[in-house]
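Each remark here refers to the structure printed beneath this line.
The values are calculated or read from the model by the stated rules, or taken from the named source; none is laboratory data. This structure is a prediction, so every number in the text was calculated from the model and none was measured. Cβ placement follows ideal geometry from the backbone for every residue including glycine, while neighbour counts extend to all protein chains displayed.
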């Protein structure tokens with residue numbers, strides 16, 4: 001068997017807002033090519049964990065390595081899909097313009113996107129089935145369409161690792177299926193996916209790895225090994241089997 | 001002098017021309033950079049900074065003894081920047097929210113400024129008179145040098161804006177994402193903020209501490225109504241700002257004793273009001289019209305649907321039916337029937353109606369899409 005590469009390695013990560021720890025001493029090894037869900041109750045620090053991985057939130061301690069090197073040297077390998085609600089969709093811009101932002105990283109300072117970047121953006125919009133909305137003002141898009149635009153923006157980056165914060169939040173069933181299919185396609189291409197996910201029912205269906213988080217890491221590993229009542233109960237603090245009925 | 005003569009004089013009279021160019025350039029820069037303040041939801045920052053700059057003006061006078069505008073405004077710039085840094089660190093390091101931090105810095109600095117102003121006015125030296133002009137501004141004091149400084153700052157701001165356009169845009173829209181792409185968002189933030197503070201400070205002489213934030217925000221708020229593109233918004237805001245400056249100066253020069261700064265702000269506010277009502281994209285008027293029209297259309301569609309259901313029970317859908325039959329189901333009005341006839345959906349003959357091919361297709365397609373939605 002081919003030796004397994006570690007896509008993301010998190011060591012001793014601790015984050016606190018105003019003295020109260022939000023994440024406590026997290027160790028995490030995410031192998032390349034997995035599709036991993038991060039689950040946990042509200043306030044478990046799921047978003048904070050990925051924000052700390054991406055150096056958006058400064059940790060008190062710990063470090064993050066991407067393919068064996070510090071994250072800040074490997075930024076181009078990682079694409080981020082923030083929560084849809086984290087931006088103001090009334091911002092004066094169009095769908096294609098938002099997708100083009102995905103090319104800004106490789107362009108670097110000052111240089112503007114040209115024909116090549118535009119072509120890549122159009123392709124990404126096509127992949128998420130939003131090509132006909134390319135010139136639409138973003139406030140005129142539905143929630144699901146906005147999420148697709150965010151996904152397209154990350155696709156343009158052509159990264160190895162995709163980190164997403166609740167991509168299924170507030171989207172309809174059609175969009176959810178469309179997004180899942182795109183994620184599965186990315187996985188087939190050998191990309192690594194880390195997704196904050198809320199719906200426990202769909203975890204085994206969509207993902208092959210899972211991390212249980214509640215300030216501390218409860219467990220991490222393949223779904224078939226660790227997605228069980230014991231870990232769910234430990235994470236959510238209630239008897240999961242009873243709660244879900 | 002009549003308004004018309006005054007506007008001619010704005011271009012021929014050298015003193016007036018200096019003032020007009022000064023206020024136009026100031027308005028343009030304010031509109032341009034104000035767009036960024038508005039989009040960052042930092043509209044109040046302008047207000048806080050302009051008030052916070054007052055002690056800087058007085059301190060600069062106390063230290064240098066000079067009343068040259070560029071000396072005083074340099075003091076204002078320094079203190080304005082200190083105020084900005086303090087606001088940022090209050091938000092960062094305490095539990096206080098931005099509006100509280102802005103309010104705090106505004107009142108503390110402004111209070112201190114008024115205190116200093118009162119102290120200075122009691123000095124035996126007669127030189128101190130006139131510092132209070134910075135409260136409401138006095139465009140008449142603009143000299144060529146001031147205008148050159150304004151033009152220079154505007155040009156530099158334009159170059160910076162052009163160079164870092166993409167960085168400004170992504171930072172305004174999604175700071176966290178910009179960070180993950182490797183952009184130094186702190187640098188971009190400082191750059192934008194510095195130019196916003198600089199513009200505010202330059203406006204103090206003309207518009208004054210109290211009203212400067214209006215000149216920063218009004219053109220941007222108005223411009224947002226007319227476009228959905230960031231580039232066009234900045235451009236339109238600059239034009240609105242310049243126009244406000246020109247018209248404001250014209251009006252205040254034609255009537256004695258009308259202060260230029262407040263008139264400029266009133267002109268800008270009038271443009272905001274106009275934009276809020278009459279803009280075709282976001283204006284209240286057209287929104288209401290569209291709403292009304294939609295409602296009417298829906299009513300017609302509903303009647304058409306009813307007719308379609310009756311007509312399709314016949315093999316020939318153009319078979320005429322009595323108008324009265326519609327009453328059994330739901331009300332209709334003569335005018336709505338007439339409108340439907342204008343759309344060529346139906347034909348009216350005496351007290352009978354019949355569906356046309358167009359009407360049949362329209363109803364069928366709508367029914368089709370409706371059933372899709374339900375299914």
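Restricting to region B:161-190, and then to whatever is assigned to a loop (DSSP other than H, G, I, E, B) and without any contact (Cβ under 8 Å) to a residue 12 or more places away in the chain, can you tell me which residue is farthest from the other protein chains (Cβ to nearest Cβ)?
Among those residues, the one meeting the criterion is B:184.
If residue B:239 satisfies all but one of (1) at pLDDT 95 or above; (2) facing another protein chain (nearest Cβ under 9 Å), what's the number of the condition it fails?
(2)
Mind checking which residues of region B:239-259 are touching a helix residue (DSSP H, G or I) at 6+ places or on another chain (Cβ under 6 Å) and within 21 Å of residue B:220 (Cβ to Cβ)?
Answer for region B:239-259, where residues must be touching a helix residue (DSSP H, G or I) at 6+ places or on another chain (Cβ under 6 Å) and within 21 Å of residue B:220 (Cβ to Cβ): B:240, B:241, B:242, B:244, B:245, B:246, B:247, B:248, B:249.
Would you check if there is a residue in region B:139-159 being out of contact with any helix residue (DSSP H, G or I) (no Cβ under 8 Å at 6 or more places or on another chain) and within 14 Å of another protein chain (Cβ to nearest Cβ)?
Yes, region B:139-159 has at least one match.
Filter region B:88-127 for residues that are within 28 Å of the chain's Cα centre (by Cα) and outside any helix (DSSP H, G or I); which is farthest from residue B:210 (Cα to Cα)?
Per the stated criteria, the residue is B:96.
Only one residue in A:207, A:150, A:212 is over 29 Å from residue A:12 (Cα atoms) and in contact with a strand residue (DSSP E or B) (Cβ under 6 Å, 6 or more places away or on another chain). Which one?
From the options A:207, A:150, A:212, the qualifying one is A:150.
Quick check, is residue B:267 under 18 Å from the mean Cα position of the chain (by Cα), touching a residue at least 40 places away in the same chain (Cβ under 8 Å) and surrounded by 13 or more Cβ atoms within 10 Å (Cβ to Cβ)?
Against the criterion (under 18 Å from the mean Cα position of the chain (by Cα), touching a residue at least 40 places away in the same chain (Cβ under 8 Å) and surrounded by 13 or more Cβ atoms within 10 Å (Cβ to Cβ)), residue B:267 does not qualify.
Tell me whether region B:282-304 contains one or more residues that are part of a helix (DSSP H, G or I) and either buried (at least 19 other Cβ atoms within 10 Å of the Cβ) or modelled with pLDDT of 95 or more (or both).
Yes: region B:282-304 contains one or more residues that are part of a helix (DSSP H, G or I) and either buried (at least 19 other Cβ atoms within 10 Å of the Cβ) or modelled with pLDDT of 95 or more (or both).
Of all residues in region A:3-50, how many are free of Cβ contacts under 8 Å to residues at least 12 places away in the same chain and within 20 Å of residue A:192 (Cα to Cα)?
Qualifying residue count for the region: 1.
Among the residues of region B:52-64, is any within 14 Å of chain A (Cβ to nearest Cβ), part of a helix (DSSP H, G or I) and in contact (Cβ under 8 Å) with a residue 12 or more places away in the chain?
no
Only one of these conditions is not met by residue A:148: (1) more than 8 Å from chain B (Cβ to nearest Cβ); (2) surrounded by fewer than 19 Cβ atoms within 10 Å (Cβ to Cβ). Which number is it?
Tallying (1) more than 8 Å from chain B (Cβ to nearest Cβ); (2) surrounded by fewer than 19 Cβ atoms within 10 Å (Cβ to Cβ), residue A:148 fails exactly one: (2).
Go through (1) free of Cβ contacts under 8 Å to residues at least 12 places away in the same chain; (2) within 14 Å of chain A (Cβ to nearest Cβ) for residue B:85 and report which single condition fails.
(2)
Give region A:102-119 a look and list any residue that's without any contact (Cβ under 8 Å) to a residue 12 or more places away in the chain and more than 10 Å from chain B (Cβ to nearest Cβ), or say none.
A:114, A:115, A:116, A:119
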